[in-house]
Structure formats: C-alpha cells, structure tokens
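Quick one: this structure, given as structure tokens, is what I'll be asking you about.
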Amino acid sequence: MSRSSIRTQVDLQPFHTLACPSIAEYAVTLTDDSVLDSALTWAKEQGMAVQVIGEGSNIVPLDYVPGLTMINRLSGVRLVGQTNEHIDVRVSGGVSWHWLVLFCSAQGWYGLENLALIPGTVGAAPVQNIGAYGVELCDVFLQLEAVDIHTGTRRTFNSADCQFGYRASVFKGKDAGRWIITAVTLRLSRFFQPNLSYGPLATLQPKTSAQLIQSVIEVRQSKLPNPALIPNAGSFFTNPIIQLEQAQALQQDYPALPLYPTADGKHAKVAAGWLIEQAGLRGAYAPDTGIGPYEKQALVLINPQRMAASLVMSRAQEIADAVHAKFGIAITPEPRFFP
Ligand code: FAD
Ligand code: NAP
C-alpha cells in the first residue's frame, strides 16, 4: 500500500445512508488484504484509533470521526464446499449483501431470499445478525474470518463464537470495535424451501427463489424509504423484548398491541414501530429539522434535510421518551453512534 492510499479530512456524508455531515480524520478504502495489513501497521505506528464501515447503512456518524476509518470494499466470492444437499460459499466482507442474495439465487443456492434488499456489506451482516421476515443470518452462517484491529491477528469464528442473538452478536456486544470481518462463509441449500411464516409473505405461493425475492423487494419498497432519496438508517430502534407478564398486562390496556412470545416462553417481543405510532409520532417530522418517524413505517427515522448526528440523537431521545411515558417501555437505538 502506498501512503497515498490514506486520505485525510475525508467527507463521510456520501459513505453512509443517514447523510449526517461528518468528516473522518483519515480514511482508507480496503481493496485487498495487503491494504488492510499496511493500514493497520500505519495506524499502530501513529497510535491511532481504527474503525471500519461497510456501506454505512447502520451508523450515525458524529461530525468529526478521529483516527483511521476503513471503508470495506474487499471483494470476491468462492465456492468452498458442496454436498448433494448444500453449498458452502465464502464471500469477502466488502461485497454488497443484496448483490449476494441475487447472485446465490441465480446459481441455484437457496436460503437468502427473505433477506433481499437489506442494504450493506457481507462483512457487516454478522455484526447485528441481520434479519427480515423470519430469517436471520445465523440460519445460513457457517463461519467468518476476522482481523484483530489492535494486534493484526487473524482468527476464524464459528457460530457459537459469534454469540448470535436478536439483532445482536459478540461484534456488537463485548467485542464491539475489536474485529474487522474480512470474509463470511454461508451454508446454502440446493433446494428451494421458502419460509413464508411472516404475515406479508403468508399469502404468496412462489414457485422460484427469484419470485420470492421479487415479492420481498416489492413489500419492502412499498413501506421503507429508499435511502438514496430519503436519508435513513433503517429501523432506528430495536424491538424491545420484555417480560411476558408485563406484555400481557399491557395487552389488557391495548388489545391491538403486537406481541411475539420468545422461544423461552418467558418474554415477548413488542413491535417498536407500533409503540411509536400509538404515541402519535408516525409522520411527526420536527418543523426545524425535518427529522422524524417515517409516515409509512414509524420505526424508520428519516433525516431529509441531512442534519447533524446530534440533532438525530436528540429527536430519537424525544421519541424514546414519549414511548416510555405512554407504555413504560424503554426502546434503544439499533444503529451505532460512530465512532
Ligand atoms: P455499516 O453501517 O457500515 O456498519 C454497521 C456497524 O458494523 C458499525 O458498527 C461498523 O463498525 C460495523 N462493521 C461494518 N463492517 C464491518 C466489518 N467488516 N467488520 C466488523 N465490523 C463491521 N438490518 C436488518 O437486520 N434487517 C433489515 O431488514 C434491514 N433493513 C434496512 C433497511 C434500510 C432502508 C436501511 C438503511 C438499513 C436496514 N438495515 C436492516 C440495517 C443495515 O442494513 C444492516 O445492519 C447492515 O448489515 C449494515 O451493513 P453496512 O455495511 O452498511 O454496515
Ligand atoms: P412489519 O412486517 O411491519 O412487522 C412489524 C414488526 O413485527 C417487525 O419488526 C417484526 O419483527 C414483527 N413481526 C411481524 N410478524 C412477525 C412474526 N410472524 N413473528 C415474529 N415477529 C413478527 O415489519 P417491517 O418494518 O415491514 O419490516 C419487515 C422485516 O424487515 C422485519 O423482519 C424487519 O425486522 C426487517 N427490517 C429491518 C430493518 C432494520 O433496519 N433492522 C429495517 C427494515 C426492515 P422483526 O423485526 O423481529 O422481524
């Protein structure tokens, strides 16, 4: 890597979907492993913090991001194993997730259909164990490769190592900010067995993987704002998981409250978008900033006037406070405040 690959005072606004003004002290685009290794060495020599982004679809970057920001564009897809039933495919971390969904479907490798149109990179997918319509990354995950930001050591993680949970993993929990995920290996099926358990997909009868992908794209486009036109970071709050008794007591007062009991039988997931809507905030865009819960899906906070992270955060806090005041439930942001 030549030293000139590292740029300084880099405008991050085009590199994330919420469009907050943000400047990185230094930034480098990871195009291959040698760039990654040299950039880590350089940052260590400078005693500088390092952080990584993919497509910036789940971050709220602050006005100034000190240290070296790595923009992951590591590319490559390789078949690494197969049987009569399955295909193991190793994908570099900088590959576009939605591109991968289309590519695998076209090869006859199935299992990713419900995860179509999720923005972002493959390397970020394990970070919050991306999920949609009843399918999560962990359902098709085999292993990943990562580099320790502090030591440069490479390590392979299996599923148990990743500690996947609901929109959670070790990379968002105790090891947040420690690893750069360079590749992910998925185990896909040779047989198309659609998962239509979620309401919006329940009436479909897809004959092919491509048909199901098309339906998922249409459902998503009908209610989610396209970040290229209306800046947003997807669901701004994670659906809260609360004690089942608390949830059932709330349902007495609000019979329409959408509750989804968890596998342990002791808790229930509550739809945070519904709570925000019932707090009267769907489409409530702040007059001075335009920031607010999207009119077609209240869980998505939009930032149409490309305002600063601090304003997004304070609007998010107002929304969380209003939900807490009405229902006594705490909702917490899903995206990472960056760095
Ligand atoms: P970034 O936003 O760049 O980074 C997110 C976090 O991961 C940061 O903490 C970053 O440091 C870390 N990170 C990024 N790359 C790496 C890496 N290689 N190694 C280690 N850490 C890394 N999410 C869902 O789960 N389901 C959905 O259906 C969904 N729909 C969305 C719809 C819209 C319109 C938008 C804007 C977002 C949606 N999201 C959804 C959230 C987002 O798409 C995912 O979280 C996605 O995986 C983020 O990928 P990214 O490359 O943009 O990550
Ligand atoms: P939706 O269909 O309006 O459903 C609202 C909420 O109810 C969802 O959050 C979902 O939980 C939950 N839900 C619905 N049916 C369920 C079922 N059968 N079992 C368990 N939970 C159920 O949601 P949406 O906003 O249009 O999103 C559709 C899917 O895309 C969801 O899975 C959502 O997570 C995903 N998505 C995620 C993001 C993000 O940024 N994280 C953004 C857009 C869409 P879950 O969220 O747990 O699935």
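The values are calculated or read from the model by the stated rules, or taken from the named source; none is laboratory data. Remember, it's a predicted structure, so these values are computed and weren't measured experimentally. Note that we place each Cβ from the backbone using ideal geometry, even for glycine, and neighbour counts take in every protein chain shown. The area values use the complete protein model at the heavy-atom level, side chains included, leaving out ligands, DNA and RNA. Shrake-Rupley method; radii C 1.70, N 1.55, O 1.52, S 1.80 Å.
Can you tell me the length gained on complete extension of the stretch Glu245 to Ala330, counting 0.36 nm per residue apart and subtracting the Cα distance?
Computed gain between Glu245 and Ala330 is 29.0 nm.
As a test of the formula, what do you get for the chain when each DSSP H run with n ≥ 4 contributes -39,500 (n - 2.57) and the sum is divided by the residue count, at 222 nm and rounded to the nearest 500 deg cm²/dmol?
-7500 deg cm²/dmol, from helical runs alone.
Let me ask something additional. If you find the alpha carbon centre of region 208-238 and of region 99-164, how far apart are they in angstrom?
Result: 18 Å between the Cα centres.
Quick query: amide H of His86 versus all other amide H atoms, modeled in the peptide plane; which residues come in under 5 Å with a sequence gap of 5 or more or a different chain?
Long-range HN contacts for His86: Arg190.
Can I ask one more? Charges at C-beta only: +1 for Lys and Arg, -1 for Asp and Glu. How large is the resulting dipole of the chain about its Cα centre, in Debye rounded to 20?
It works out to roughly 300 debye.
Another question, if that's okay. Of all accessible surface on the chain at a 1.4 Å probe, what whole percent is carbon and sulfur?
In the chain, the share of accessible area belonging to carbon and sulfur is 51 percent.
Please give me the summed charge of the neighbours of Phe338: other residues whose Cβ is under 14 Å from its Cβ, Lys and Arg +1, Asp and Glu -1.
-2
In nm, give the distance between the simple-model label positions of Ala256 and Ser75, each being 7 Å from the Cα along the Cα-to-Cβ direction.
4.8 nm
Also, quick follow-up: With every protein chain kept in place and ligands, DNA and RNA left out, what is the accessible area per residue of the chain? Probe 1.4 Å, answer in Å².
Dividing the accessible area of the chain by its residue count gives 45 Å².
Report, by chain and number, residues whose modeled amide H sits under 5 Å from the one on Ile23, excluding near sequence neighbours (fewer than 5 apart, same chain).
It is Leu12, Tyr64, Val65, by chain and number.
Rounded, prolate or oblate for region 164-322? Axes are the square roots of the Cα gyration tensor eigenvalues, ordered a ≥ b ≥ c, and the cut-off for rounded is a/c under 1.5.
rounded
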